[in-house]
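Since the structure comes first, as structure tokens, the remarks are kept for the end.
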Amino acid sequence: MLQDRATSQESYDRFVARVRASGEVFGLQSLDGGWAVCPSHECEGASVLVFWSDRAYAVRHQKDDWSDYVPAAISLDEFIGAWLRGMHREGSLVGPNWDANLCGLEVEAIEVAKRLTEE
């Protein structure tokens, strides 16, 4: 079941607010160092790296293809300065706070950086 646009936007807004407050982002990392990634549903050939604002959200996704992955925290400074910058260069998208069905917005990395750094 696909998530409606309003619910996806609320999840993104929650992601921004919580990450700004906590100073951390959570991803799922494999034992070999890879990160949880999905193909884009909106941009052919693009990849979406999924991140969550809370460790508990990431834990919920430790199943199926990601059952061997573990939640890993990334500091907000590193996320903005290294991750989002690199993702922007590579053309990768961000999947912020995707739900259990891996539904949510696919946001350009530069847009996420702007939202996380706005006053």
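The values are calculated or read from the model by the stated rules, or taken from the named source; none is laboratory data. As the structure is a computational prediction, the values presented were derived from the model and not from experiment. Heads up, the Cβs are rebuilt from the backbone with ideal geometry, glycines too, and the neighbour counts pull from every protein chain shown. Note: accessible area is taken over every heavy atom of the protein model, side chains too, but ligands, DNA and RNA are not part of it. Shrake-Rupley method; radii C 1.70, N 1.55, O 1.52, S 1.80 Å.
Data table
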| quantity | calculated |
| --- | --- |
| Selection count, segment 25-49, where residues are open to solvent by less than 70 Å² (accessible area, probe 1.4 Å) and of a type outside the set (A, V, I, L, M, F, W, C) | 7 |
| Top-ranked residue of segment 50-59 - restricted to ones that are part of a helix (DSSP H, G or I) and touching a residue at least 24 places away in the same chain (Cβ under 8 Å), ranked as most open to solvent (accessible area, probe 1.4 Å) | Arg55 |
| Selected residue (criterion: most open to solvent (accessible area, probe 1.4 Å)) from residues of segment 1-24 that are of a type in the set (A, V, I, L, M, F, W, C), closer than 18 Å to Val107 by Cα and modelled with pLDDT of 95 or more | Ala17 |
| Candidates Ser47, Ser75, Ser8 - the one that is touching a residue at least 60 places away in the same chain (Cβ under 8 Å) and under 14 Å from the mean Cα position of the chain (by Cα) | Ser8 |
